[in-house]
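Accompanying notes for the structure given below.
What follows is calculated from the coordinates using simple rules that are stated; it is not laboratory data. Quick caveat, the model's predicted, so the values are computed rather than measured. Cβ: placed from backbone, ideal geometry, glycine included. Neighbour counts: every protein chain shown.
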Amino acid sequence: MKLGLAFALAAAIAAASVKPPYVLRGDEVELKYKAYTRKLAHGYEVLKKYLKAQAPDLYKKLSPEPPKPVPYGYQLLPLLTRDAPFAERRDTPRATSTPYTWERTALFIDWEIPKIEELEEQLKGAQKVALKDRRSIYERWTREYPELENNQHLVDHHIQYNRFWQRTIAEDRPRFDRLTRLHDMVLQRQALLDAMNSKSEPEFRRNIMQVDGIDHDKPRAMLEDDMAKLEKRMANTIHSQNMDITPPVFLKLDHGKPHVWKITVPVCTDITDSKFLAASKEAIERIWNVDDRENMYKMTLVWRLTPAAALYRHSRMPARGAHIDVKAHATKFPHDCAVLTTGINSTYAIPGEYIALGPQPISHNVLAHEFGHLLGFIDGYFRGYRDLGAKGFEVLEVVPDPDDIMCTPGIGHVRPHHYMRLFENSKHK
């Protein structure tokens, strides 16, 4: 009996030690990424060596440090960047799905390696020609090298994104099963809208075949009413996700004047960089303040500085750059405020609770989107998935309303309806 128990225990330990497919494939891609980063760093050193000796004017244009993986950890802040100007849309935005996988990330690396090899081959070959003939080669790579480095940062972002979201999906499959159904519904609705707007019968049939819940054999004229009803049901389901939100109790709502809606949000933070906090406050308030004809919607963010020493009064305080359990860390803050902190590999927010900042640069508009989560809003876009077996998960993002800040973090806008939902659903109204 003891022997059987020992075997069972050994089997349980062995099973627990086996990494799931999304981790194993991620480890493989990350090893490939590290080799790629070393190769790029070597190419940079070769370029720097030749330019320093033979073209010092071009050498001065190079960045001072070779490329390296982007570090993340406690108290490591992202670069806060201004947004690109909003582009006027001349066409009707369409819902499309954006995939993220380990295979796609590995493919990005495969695309970049030949470029680095070409860089080194051309620099080596340049040493066989006259100095005056090398100039064009040096100018080319001084001009094009920054793009190689930017692409490395993009690959790094994909790795951190896949690490975070594939793990998050694995830990909460029921939630992401629901989100996957919403993701698929958005695409179904887009196909339905395409069918309803089709200009020819072949185009109509091609689009309608992608829609479930419709009798594809009926003539188009007999389907018009069915399509309109189905589209309305889908739209109501999709757009209801942020309708019945629960605003957190720490929000201070004020509608004392007829045409003025004010919200004050206390945010506790252990971030010590006063310039970052000032810039973040300015960006968030600017984007969340809305003037709509005679109505004014005003957002005020109030920082409550909460030193790490106070959070870890009875335990060891994490060092700068430490990888921490952000969820556990966030519980140490006072509960009568939202929280802004650091320590995660990809910026993430829990609605009504906290924002954890990753190391990747974040634009003003994206930060304002994350702030929307502190107000209680969930993502207006849907993140679903497909299980790819040994290849891990395919993470899928789809945007149902590109003009809404909670749907499209980078270019979406804050609208009066965001305030109306908070006031209508608040216990303080």
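Checking every one of the trypsin sites (Lys or Arg not before Pro) in the stretch 30-85 against DSSP loop status and a limit of 16 other Cβ atoms within 10 Å picks out K60, K61, R82.
Separation of the stretch 32-47 from the stretch 354-409 is 31 Å, based on Cα centroids. For the stretch 174-242, the relative contact order comes to 32 percent (Cα pairs under 8 Å, sequence separation of at least 6). Helical runs (DSSP H, four residues minimum) scored at -39500 (n - 2.57) apiece and divided by the length of the chain put the mean residue ellipticity at 222 nm at -17000 deg cm²/dmol. From the residues P202, A221, L179, which one has its Cα farthest along the dipole of the stretch 174-242 in the positive direction, the dipole being from +1 and -1 charges on Cβ of Lys/Arg and Asp/Glu about the Cα centre? In the stretch 174-242, that residue is L179.
When you filter the trypsin sites (Lys or Arg not before Pro) in the stretch 117-153 for DSSP loop state and at most 13 other Cβ atoms inside 10 Å of their Cβ, you are left with K128.
Residue exposure proxy: L154, L301, ordered by other Cβ atoms within 10 angstrom of their Cβ from fewest to most, comes out as L154, L301. Under 5 Å from the amide H of R304 lie the amide H atoms of V267, C268, T269, each residue being 5 or more positions distant or on a separate chain, with H modelled from the backbone and absent for Pro and chain starts. The calculated FRET efficiency for the pair K262 and L79, based on their C-beta separation and a Förster distance of 51 Å, comes to about 0.95.
Would you mind checking the pairs K39/K391; K49/K115; K298/K332; K32/K128; K61/K128 and listing those with alpha carbons more than 22 angstrom apart? From the list (K39/K391; K49/K115; K298/K332; K32/K128; K61/K128), the Cα-Cα distance tops 22 Å for K39/K391; K298/K332; K32/K128; K61/K128. Highest mean packing comes first when the peptides 160-172, 208-220, 371-383 are listed by Cβ atoms within 10 Å, giving 371-383, 160-172, 208-220. With the gyration tensor restricted to C-alpha atoms of the chain, the semi-axes of the equivalent ellipsoid amount to 40, 32, 29 Å, longest first. Taken about its Cα centre, the chain carries a charge dipole of roughly 1280 debye when the Cβ of each Lys and Arg holds +1 and the Cβ of each Asp and Glu holds -1.
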